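*Asks:* My questions will all concern the structure given below.
The values are calculated or read from the model by the stated rules, or taken from the named source; none is laboratory data. Fair warning: this is a prediction, and the values are worked out from it, not measured in the lab. Here the Cβ is made from the backbone with ideal geometry for all residues, glycine too, and neighbour counts use every protein chain on show. Accessible surface is based on the protein model in full, side chains and every heavy atom, while ligands, DNA and RNA are left aside. Shrake-Rupley method; radii C 1.70, N 1.55, O 1.52, S 1.80 Å.
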Amino acid sequence: MTKPLVKVEQLTKIYKLKTKKKSDSPKTLKAVDGLSFHIAEGETFGLVGESGSGKSTTGRMLLRLLDVTSGRIVFNGKDITHLKERQLRPMRKDFQMVFQDPYASLNPRYTVSDILEEPLIAHKLYPHRADRLKRVKELLSTVGLAETHMKRYPHEFSGGQRQRIGIARALAVNPKLIVADEPVSALDVSIQSQILNLFKDLQEAFNLTYLFIAHDLSVVDFISDRIAVMHRGRIVELAAREELYNSPLHPYTKRLLASVPVPDPKQRRKRHDIYEPLPQQTPPLKEVSPGHFVAL
Amino acid sequence: MPNQNLLKVSGLKTYFYTEPQIIPAVDGVDLTIKKGEILGLVGESGSGKSVTSLSIMRLFHNTPGKIVDGSITFEEKDLLSQSERAMQSIRGNEIAMIYQEPMTSLNPVLTIGEQIEEAIIKHLGYSRKQATAHAKKMLELVGIPRVDSIIHDYPHQLSGGMRQRVMIAMAMSCSPKLLIADEPTTALDVTIQAQILDLMKTLQTTHDLSILLITHDLGVIAEVCDRVAVMYAGRIVEEADVFELFEHPKHPYTQGLMQSMPRLGEHQERLSSIKGQIPAPQEWPKGCKFATRCPFAFEKCWQNEPELILANPHGHRSRCWLSDEVKETEGVKP
């Protein structure tokens with residue numbers, strides 16, 4: 001394995017909740033609770049879990065879109081946990097994000113060309129407009145769109161095409177890391193497969209590193225090299241993709257695996273694993289075999 | 001009577017009269033549901049599967065939607081000729097429906113108990129006391145714990161899975177013969193989805209319930225359905241027994257859908273995918289509506305639209321000009 005591009009140590013996020021009366025003691029919610037992992041250069045690290053497990057919060061902290069309560073984020077050897085926005089700014093082009101809802105994340109009043117030019121202007125990458133437009137055309141062709149799409153607006157595109165625009169925008173500044181938060185969960189299955197293939201192609205072409213967040217285990221299983229299973233703000237199991245599927249150890253991982261509907265009626269499962277109780281406590285992760293960690 | 005058709009939909013056409021064009025959301029759908037059977041209706045967004053279910057319930061008030069042709073027969077009744085009053089009694093009493101997002105279908109200012117009782121009093125004419133007892137029985141039936149306290153809770157106090165159980169309890173409270181479930185587990189976490197699917201299977205057996213299960217997820221179909229109808233561009237393009245469909249999908253669209261799914265535990269380098277996207281109605285080809293994306297399309301496909309043709313003696317139908325034999329002899333390759 002190559003050197004880690006991202007290292008996260010004891011990452012924690014505590015949200016303060018609103019209280020009814022001022023005199024009430026403030027309530028808090030620990031959304032992410034002492035997460036530690038690394039992502040190697042060129043690797044796809046999958047983060048899977050159900051709603052409220054803290055996976056999106058983790059992704060956002062990693063990109064410093066959310067403040068960290070405690071812990072450390074090291075990106076490319078540099079501690080970025082507490083960098084001020086001004087110091088962070090030049091680094092931001094190294095890590096980009098792709099969102100779930102490509103419609104909500106694209107400015108409806110911008111043309112595709114405007115949307116893709118914007119990050120180039122913000123990071124002062126191509127001072128001349130002609131060069132920027134050349135880059136925009138190049139990006140469109142990279143994600144499988146046509147030059148003729150440049151002058152169109154987001155609403156003129158289908159969900160899959162909009163996600164291609166979202167990916168092109170993330171790619172515009174030549175990032176090292178892309179955090180993709182549920183990038184295919186709003187798409188139909190025939191379109192989902194096109195976008196998943198695109199993620200794989202782009203990784204190979206540009207040596208990208210992905211943090212791929214999704215609730216769908218089959219999707220994460222397809223795209224990832226290693227997978228971390230999150231439950232209630234903690235990683236309960238972390239292993240290479242194949243290892244996690246073949247020898248899951250944590251009851252929650254087993255429950256997730258047993259719950260995924262299999263598109264083959266002959267494999268209808270006896271679902272006892274989904275009703276088995278989960279342990280109350282989540283102890284720290286222990287390495288049980290090389291690269292396989294479990295919190296049991 | 002086994003094998004008796006509970007519901008028969010023939011030649012259903014439901015159009016939306018919007019400016020600037022008419023949208024043929026459902027354009028000639030035939031389907032049947034037998035007593036005690038779970039029929040899966042699968043398709044991608046815009047295929048017309050939800051509009052099909054709304055047509056059965058005739059729920060197009062204040063929408064530009066209109067059923068323009070076809071017939072819907074439930075038991076011996078022709079649903080399209082029923083008065084609105086008669087339909088109101090059929091809805092809930094004989095055909096009940098649950099939706100994707102239980103939060104938006106529950107009244108936020110009524111307790112769980114109040115809203116189930118409301119339906120029971122309205123449809124079954126029970127007294128309040130009888131209704132409360134019946135509501136509790138229904139909540140127990142769908143596996144809700146601590147029923148005595150939960151009937152006093154408001155919807156927002158329950159989890160998504162619990163809310164969907166409440167919706168099912170409400171739907172089951174008047175002992176309907178048919179339950180229409182439109183993406184009932186799509187908004188739920190996968191472990192909760194598994195439990196709700198289990199519950200629907202149980203009700204099928206214990207209550208001889210027929211279910212029309214609408215979903216985009218072939219995995220969900222494989223888990224619970226007896227028979228499957230695949231929809232594309234307002235039509236059924238394939239229909240078969242669930243085991244037959246997954247083993248021998250005939251229509252290129254069904255084949256494409258199955259091949260595009262990532263499969264857990266299989267080391268797939270790439271996924272195959274269906275090229276392009278579902279065309280808008282104004283861009284539908286004259287012939288087969290799938291021709292624009294079909295790897296096998298040839299001259300005839302562009303000109304004439306095929307019927308839902310019987311592909312084997314066991315009721316497997318496919319709306320495709322190419323039988324396996326034709327593919328072989330003509331040497332048609334993707």
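*Asks:* Let's see if you can work this out: charge +1 on each Lys and Arg Cβ, -1 on each Asp and Glu Cβ, no other charges. What is the dipole magnitude of segment B:215-334 about its Cα centre, in debye to the nearest 20?
*Replies:* Taking the Cα centre of segment B:215-334 as origin, the dipole is about 480 debye.
*Asks:* Where the centroid of each part is defined by its Cα atoms, how far is segment A:119-181 from segment A:186-253 in Å?
*Replies:* So the separation of the two Cα centres works out to 25 Å.
*Asks:* Count the net charge of all other residues whose Cβ sits under 9 Å from the Cβ of B:Ile33, scoring Lys and Arg as +1 and Asp and Glu as -1.
*Replies:* The answer is +3.
*Asks:* Let's test the formula: R0 of 60 Å, r as the Cβ-Cβ distance of A:Glu242 and B:Gln157. What FRET efficiency results, to the nearest 0.05? Working shown, then result.
*Replies:* Numbers: r = 42 Å, r/R0 = 0.69.
About 0.90, to the nearest 0.05.
*Asks:* Next up: Can you give the net charge of the other residues whose Cβ lies under 12 Å from the Cβ of A:Ala146, counting K and R as +1 and D and E as -1?
*Replies:* Taking every Cβ under 12 Å from that of A:Ala146, the sum is +3.
*Asks:* Related question: Which of the listed residues, A:Pro90, B:Leu218, B:Phe246, is farthest toward the dipole's positive end in the protein assembly as shown, when Lys, Arg count +1 and Asp, Glu count -1 at the beta-carbon?
*Replies:* A:Pro90
*Asks:* Give me, ordered by chain and number, the residues 5 or more places off B:Ile236 or on other chains with an amide H under 5 Å from its own placed amide H.
*Replies:* B:Asp30
*Asks:* With charges set only on the Cβ (+1 for Lys and Arg, -1 for Asp and Glu), what does the dipole of the protein assembly as shown come to about its Cα centre, in debye to the nearest 20?
*Replies:* Charge dipole of the protein assembly as shown: 2300 debye, to the nearest 20.
*Asks:* Could you sort out which of A:Lys7/A:Lys176; B:Lys136/B:Lys201; B:Lys13/B:Lys49 sit more than 18 Å apart by Cα distance in this structure?
*Replies:* Values: A:Lys7/A:Lys176 14 Å; B:Lys136/B:Lys201 21 Å; B:Lys13/B:Lys49 12 Å.
The pairs that break the limit, which is 18 Å between Cα atoms, are B:Lys136/B:Lys201.
*Asks:* Would you pull out the residues with amide H under 5 Å of B:Ile98's amide H, same chain only if 5 or more places away, H placed 1.01 Å from N?
*Replies:* The answer is B:Ile180, B:Ala181, B:Asp182.
*Asks:* Report the calculated FRET efficiency for B:Glu269 and B:Phe60 (r = Cβ-Cβ distance, R0 = 51 Å), to the nearest 0.05.
*Replies:* My answer for the efficiency is 0.65.
*Asks:* Quick check for me: using +1 on Lys/Arg Cβ and -1 on Asp/Glu Cβ, what's the dipole size of chain B about its Cα centre, in debye to the nearest 20?
*Replies:* Approximately 560 debye in magnitude.
*Asks:* What's the longest bit of chain B with no exposed trypsin sites (Lys or Arg not before Pro), using DSSP loop states and at most 13 other Cβ atoms within 10 Å as the test?
*Replies:* B:1-145
*Asks:* Which one of A:Pro261, B:Gln88, A:Phe199 is farthest out on the positive end of the charge dipole of the protein assembly as shown, using unit charges on Cβ (Lys, Arg +1; Asp, Glu -1) and the Cα centre as origin?
*Replies:* Selected residue: A:Phe199.
*Asks:* Report, to the nearest 10°, how far helix B:112-124 tilts away from the longest principal axis of the Cα atoms in chain B, using its own Cα long axis and a range of 0 to 90°.
*Replies:* On a 0 to 90 degree scale, this one is about 80.
*Asks:* Please average, across the residues of A:51-64, the number of beta carbons from any other chain that are within 10 Å of each residue's own beta carbon, and give a whole number.
*Replies:* Counting other chains' Cβ atoms within 10 Å and averaging over A:51-64 gives 1.
*Asks:* Can you work out ³J(HN,Hα) from phi for every residue in segment A:25-31, in order, using Karplus 6.51 cos²θ - 1.76 cosθ + 1.60 and θ = phi - 60°, giving whole Hz and x for Gly and Pro?
*Replies:* These are the phi-based 3J(HN,Hα) values: 5, x, 8, 10, 10, 8, 7 Hz.
*Asks:* Ignoring ligands, DNA and RNA, what accessible area per residue does chain B give at 1.4 Å, in Å²? It would help to have the intermediate numbers written out before the result.
*Replies:* On the way: 14590 Å² over 334 residues.
Accessible surface, normalised per residue, equals 44 Å².
*Asks:* Where does the charge balance sit around A:Leu63 when Lys and Arg score +1, Asp and Glu -1, over other residues with C-beta under 14 Å from its C-beta? Don't jump to the answer; show the numbers that get you there.
*Replies:* On the way: positive: A:Lys13, A:Lys55, A:Arg60, A:Arg64, A:Arg89, A:Arg92, A:Lys93, A:Lys176; negative: A:Asp67, A:Glu85, A:Asp94, A:Asp181.
Residues near A:Leu63 contribute +4 overall.
*Asks:* Right, another one. Which three extents, in whole angstrom, do the alpha-carbon atoms of segment B:176-334 cover along their principal axes, largest first?
*Replies:* 50, 39, 33
*Asks:* Please find, in a Gaussian network model of chain B (springs between Cα atoms separated by less than 10 Å), the residue of B:Val242, B:Val190, B:Val26 whose mean-square fluctuation is greatest.
*Replies:* Taking springs between Cα atoms under 10 Å, the residue moving most is B:Val190.
*Asks:* Using a Förster distance of 56 angstrom, determine the FRET efficiency expected from the C-beta separation of A:Tyr15 and B:Phe298, and round it to 0.05.
*Replies:* With R0 = 56 Å, the Cβ-Cβ based efficiency is 0.40.
*Asks:* To the nearest 100 Å², how much accessible surface do chains B and A cover up together, summed over both, with a 1.4 Å probe?
*Replies:* The buried area between B and A, both sides summed, comes to about 3600 Å².
*Asks:* Something else now. Rounded if a/c is under 1.5, else prolate if a/b is larger than b/c, else oblate: which is the protein assembly as shown, with a ≥ b ≥ c the root eigenvalues of its Cα gyration tensor?
*Replies:* Oblate.
*Asks:* Highest GNM mean-square fluctuation, chain A, Cα pairs closer than 10 Å: which of A:Tyr126, A:Tyr210, A:Tyr275?
*Replies:* Its mean-square fluctuation being the largest, the pick is A:Tyr275.
*Asks:* Across all directions of projection, what mean area in square nanometres is found for the Cα convex hull of segment A:41-129?
*Replies:* 8.0 nm²
*Asks:* Would you tell me the mean number of C-beta atoms belonging to other protein chains that fall within 10 Å of each C-beta in A:122-130, as a whole number?
*Replies:* 0
*Asks:* Given H placed on each backbone N at 1.01 Å, which residues far from A:Ala40 in sequence or on other chains put an amide H within less than 5 Å of it?
*Replies:* A:Leu5
*Asks:* Also, quick follow-up: Taking the simple approach of a point 7 Å from Cα along Cα-to-Cβ for both B:Ile121 and A:Leu88, what is their distance in nm?
*Replies:* Result for the modelled spin labels: 5.5 nm.
*Asks:* Place a label point 7 angstrom from the Cα of A:Ser185 along the Cα-to-Cβ direction, then list the residues of segment A:33-68 whose backbone nitrogen is under 15 Å away.
*Replies:* Answer for segment A:33-68: A:46-60.
*Asks:* Let me ask you something else. So what's the gap between the Cα centers of segment B:120-138 and segment A:254-269, to the nearest angstrom?
*Replies:* Their Cα centres are 37 Å away from one another.
*Asks:* Any chance you could give the angle, 0 to 90 degrees and rounded to 10, that helix B:160-172 forms with the longest Cα principal axis of chain B?
*Replies:* 80 degrees
*Asks:* How tilted is helix A:112-122 with respect to the longest principal axis of chain A? Cα atoms for both, answer in degrees (0 to 90, nearest 10).
*Replies:* For A:112-122 against chain A, the angle is about 80 degrees.
*Asks:* Of the options A:Tyr275, A:Leu187, A:Ser218, report the single residue whose Cα projects farthest towards the positive end of the charge dipole of segment A:144-296 (beta-carbon charges: Lys, Arg +1; Asp, Glu -1).
*Replies:* A:Tyr275
*Asks:* Residue by residue through B:273-281, how many Cβ atoms from other chains fall within 10 Å of the Cβ on average?
*Replies:* Values: counts 11, 6, 2, 5, 9, 4, 0, 1, 0.
Mean inter-chain Cβ contacts per residue within 10 Å come to 4.
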